[in-house]
Structure formats: C-alpha cells, structure tokens
Amino acid sequence: MGEASLTTLHLLATDPSAVAQAAELARDGQLVAVPTETVYGLAADARQPDAVKKIFAAKGRPADHPLIVHLADKSLVTEWVETLPDYFDALADAFWPGPLTIVAKKQAHVSDIVTGGHPTVGIRVPNHPAMLALLQRINSGLAAPSANPYKKISPTTAEQVLFGLSGKIAAVLDGGPCEVGLESTIVDISSATPRILRAGPITKAALEAVLNIEVDEPDVHTVAVPGNVKAHYQPSKPLTLLSTEELVARLSGQCEANTGVLYYSSQIEQMISENSANNELVDLKLGADKAKYAQGLYHGLHQLDQSSATEILLEAPPTAPEWRDVNDRLMRAAAQ
Ligand code: TXA
Ligand code: MG
C-alpha cells in the first residue's frame with residue numbers, strides 16, 4: 001500500500017474521544033500529527049522503530065537527522081537517557097513543560113532510527129494540554145519532528161499540517177493554533193558546559209539566569225546538529241529580507257502587482273495604507289513585539305506562499321539577542 005493513499009483524519013482536540021483515537025492510532029504504529037506550543041509535530045511511538053521509519057518517508061527527511069522524543073513529564077527522562085548532569089533538575093523545573101529540548105546520552109534501548117544513529121537523544125516535555133493528555137495515555141514517548149515536508153515551513157495550525165501531509169499520515173489532532181510559533185531551543189547537556197545547538201524561544205540569557213553557569217552558544221548553528229541545514233523553513237516563492245529602509249525604498253517605487261509584503265513596523269503599515277499606486281500588494285502585518293512576531297511568522301509565510309503573491313518581501317526584524325531564533329529561521333528561509 002502506498003503511503004499517499006491514506007485518508008487523513010482531522011481529530012478535534014475539543015472532542016472528548018479525539019485523544020483516545022489518536023492514542024489508538026499511535027499504538028497501532030501509525031503517524032499522527034500533534035499540537036505542541038511551538039509547532040505541530042509528526043508523531044510516532046518512539047518504542048516502535050518501524051512506525052518511526054514512516055516519519056522519514058512521509059516528510060522526505062534524510063535518515064540521519066535525529067528526532068526529538070516527547071515525554072509526559074520529567075520523571076520519565078531516565079527511561080530514555082543514561083546520564084544527566086547536576087544542573088538537569090534546575091533546567092527541567094524552570095522550563096518544562098515548555099519549548100526546551102535537551103540532548104543527552106541515550107539508553108541502549110533507544111532506537112538508532114530515532115537518533116539517526118547518534119549516541120545521544122533529544123528529549124522534550126511540551127506544553128500543550130491535548131499533547132500531554134495523549135502522552136499520558138500512550139504511556140510511551142512520541143518521536144516527532146515538525147509536521148512539514150522536508151525543508152518547508154513548519155506548521156502552526158492543523159490546516160497547514162494537512163496542506164503539506166494530507167494523504168501521507170493517519171490523522172492530525174487539532175489543538176488550535178500554536179502559541180509560541182517557533183521550534184524549541186535545543187541544548188546539549190552531555191557535558192559540564194551546556195551548549196545551545198539550536199536557538200529558540202528560551203534564550204542563552206534565560207538559561208544562564210536559571211543555571212548560574214555559562215552556556216555555550218556557537219555563532220552559527222550549522223555544524224553541530226545534523227538536520228540543522230542552511231536552506232530550511234522555506235516558502236516555495238522567492239523570499240527576500242529587506243531592512244525597513246530598503247523596504248521603504250522598494251515600496252516608494254512602482255511594485256509589480258501581486259508583490260507579497262510581510263512587515264511589522266507602523267512605518268511600513270502607514271506607507272502601504274497611503275500608497276494607492278501599490279494597491280495590488282498582498283500585504284500582511286506581524287506583531288511588533290517578539291513573542292507576537294514569532295507566533296505569527298510561519299503562519300504569515302504560509303499565507304503569503306499560498307496567496308496570489310509571486311514573491312515575498314519581508315521587513316527584517318530587530319537583531320537584539322531575544323530575536324535570535326527568529327533571525328536564525330529567517331536566514332534559512334531566505335537561503336538560496
Ligand atoms: O519545537 C520543537 O522542537 C518541535 C516540536 C514538534 O517539538 N520539533 C522540531 O523537530 O522542531 P525537528 O525534527 O524539526 O527539529 C529537531 C532537530 C533536528 O533536526 C536535530 O537537528 C535536533 O533536533 N536533534 C534531535 N536529536 C538530536 C541529537 N540527538 N543530537 C543533536 N541534535 C538533535
Ligand atoms: Mg523541523
């Protein structure tokens with residue numbers, strides 16, 4: 001049977017039987033897309049390697065890109081991880097459930113299919129009620145990458161999951177739009193000094209404030225993490241990042257009809273509303289504070305990608321440290 005022949009169920013988490021149905025499918029070795037506070041995940045029972053293999057097939061993801069195992073709570077971590085540093089408890093107590101993934105030496109039973117052959121495993125306790133209910137019910141871990149086809153934009157709604165993966169997965173558990181909107185911070189805790197492998201909603205400063213030790217953060221998150229590739233999170237239309245000044249200059253001239261503009265500043269908003277010469281723009285405003293911006297970014301990119309826009313101009317956000325995850329994703333989204 002070809003993977004593309006499945007009928008994908010759309011299970012509403014508000015329906016009392018939805019979590020039970022999703023659990024049944026996962027136990028049966030099938031793929032279920034799940035809501036988390038960051039982005040939707042594409043989940044399989046982490047104790048069933050044959051089920052986990054289907055994730056790679058559905059996404060078109062290379063087999064050596066490791067997956068994150070999601071757990072219901074901190075007490076389960078020792079079932080998956082061999083050794084934990086002293087500072088683990090402080091980290092977990094401060095940030096779980098939440099957008100933090102730890103990477104640590106795996107237990108022998110954890111499949112190479114899950115870890116991409118690596119001796120370590122990524123673990124996260126996500127903060128979403130339907131996902132936590134599902135995890136408690138299956139009494140296992142759920143291996144789940146973001147629920148997008150390889151290199152495409154991560155989904156933050158069930159509709160976006162279906163847009164990319166309908167027919168290739170058994171079901172999506174619809175828990176509404178994701179609150180955070182960007183993938184978790186990944187921290188390698190397998191040595192004395194924690195090291196950030198992927199920038200995320202929890203910053204280096206936030207980690208250091210809790211741990212009272214220095215946290216390493218490489219300038220560019222490319223080499224350390226397999227799967228952390230340069231061209232990623234990509235819309236299918238050409239995406240160009242412009243400073244506010246550059247975007248002002250572009251909008252002052254005559255733009256092509258159907259130019260997509262994704263912006264956040266009131267300066268650009270005012271320009272667009274006043275500039276009737278450019279009334280064929282496809283424009284969308286993101287929140288100006290970091291949390292709102294991050295929450296809307298993937299959704300905005302998806303919307304413009306699926307609109308009549310032929311290209312997307314994006315007003316580059318601030319570069320302050322708290323915006324690091326946003327800028328990291330945008331650099332990859334616009335990479336050639
Ligand atoms: O917020 C998130 O983290 C979301 C939600 C669904 O939890 N998941 C997510 O998964 O973003 P994914 O597969 O798209 O990105 C996870 C990345 C991998 O690409 C890999 O770079 C890194 O996590 N990773 C996982 N396990 C690792 C390991 N053992 N060593 C190093 N990196 C690892
Ligand atoms: Mg991903």
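Results, tabulated for the structure shown:
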quantity	calculated
Failed item in (1) at pLDDT 95 or above; (2) within 16 Å of ligand 1 (Cβ to nearest atom), with Pro226 passing the rest	(1)
Scan of segment 1-24 for residues that are surrounded by fewer than 21 Cβ atoms within 10 Å (Cβ to Cβ) and modelled with pLDDT of 95 or more, ordered by number	Thr7, Thr8, Leu9, His10, Leu12, Thr14, Asp15, Ser17, Ala20, Gln21, Glu24
Neighbours by Cβ (under 7 Å, 6+ apart or cross-chain): first from segment 134-162, on the phi > 0 side of the Ramachandran plot and open to solvent by 20 Å² or more (accessible area, probe 1.4 Å); second within 10 Å of ligand 2 (Cβ to nearest atom) and in a loop (DSSP other than H, G, I, E, B)	Lys151/His232
Count - residues of segment 309-336 that are outside any loop (DSSP other than H, G, I, E, B) and small (Gly, Ala, Ser)	2
Candidates Glu217, Glu183, filtered to the one that is of a type in the set (D, E, K, R), within 21 Å of the chain's Cα centre (by Cα) and within 12 Å of ligand 1 (Cβ to nearest atom)	Glu183
Hits in segment 77-110 - residues which are open to solvent by less than 80 Å² (accessible area, probe 1.4 Å) and of a type in the set (D, E, K, R)	Asp89, Lys106
Candidates Leu304, Leu297, filtered to the one that is assigned to a helix (DSSP H, G or I), modelled with pLDDT of 95 or more and touching a helix residue (DSSP H, G or I) at 6+ places or on another chain (Cβ under 9 Å)	Leu297
Subset of segment 57-72 that is under 22 Å from Leu197 (Cα atoms) and open to solvent by 20 Å² or more (accessible area, probe 1.4 Å) - its residue that is nearest to ligand 1 (Cβ to nearest atom)	Pro66
Residue among Glu274, Glu246 that is charged (D, E, K, R) and either at pLDDT 95 or above or touching an Asp or Glu at 6+ places or on another chain (Cβ under 7 Å) (or both)	Glu246
Pairs where the first residue, in segment 46-72, is polar (S, T, N, Q) and the second is open to solvent by less than 40 Å² (accessible area, probe 1.4 Å) and not in a helix (DSSP H, G or I), C-beta under 7 Å, 6+ apart	Gln48/Gly29
Of residues in segment 249-271 being polar (S, T, N, Q), modelled with pLDDT under 95 and farther than 18 Å from Gln303 by Cβ, the one most open to solvent (accessible area, probe 1.4 Å)	Gln254
Any hit, segment 146-162, residues being under 18 Å from Arg47 (Cβ atoms) and within 10 Å of ligand 1 (Cβ to nearest atom)	no
Tally, over segment 116-126, of residues that are over 17 Å from the mean Cα position of the chain (by Cα) and either assigned to a loop (DSSP other than H, G, I, E, B) or within 16 Å of ligand 2 (Cβ to nearest atom) (or both)	4
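The values are calculated or read from the model by the stated rules, or taken from the named source; none is laboratory data. What you are looking at is a predicted structure, and each value in this text was computed from that prediction instead of being measured. Don't worry about glycine lacking a Cβ; one is built from the backbone with ideal geometry, like all the others, and counts go over all protein chains shown. Only protein heavy atoms, including side chains, enter the accessible area calculation; ligands, DNA and RNA are left aside. Shrake-Rupley method; radii C 1.70, N 1.55, O 1.52, S 1.80 Å.
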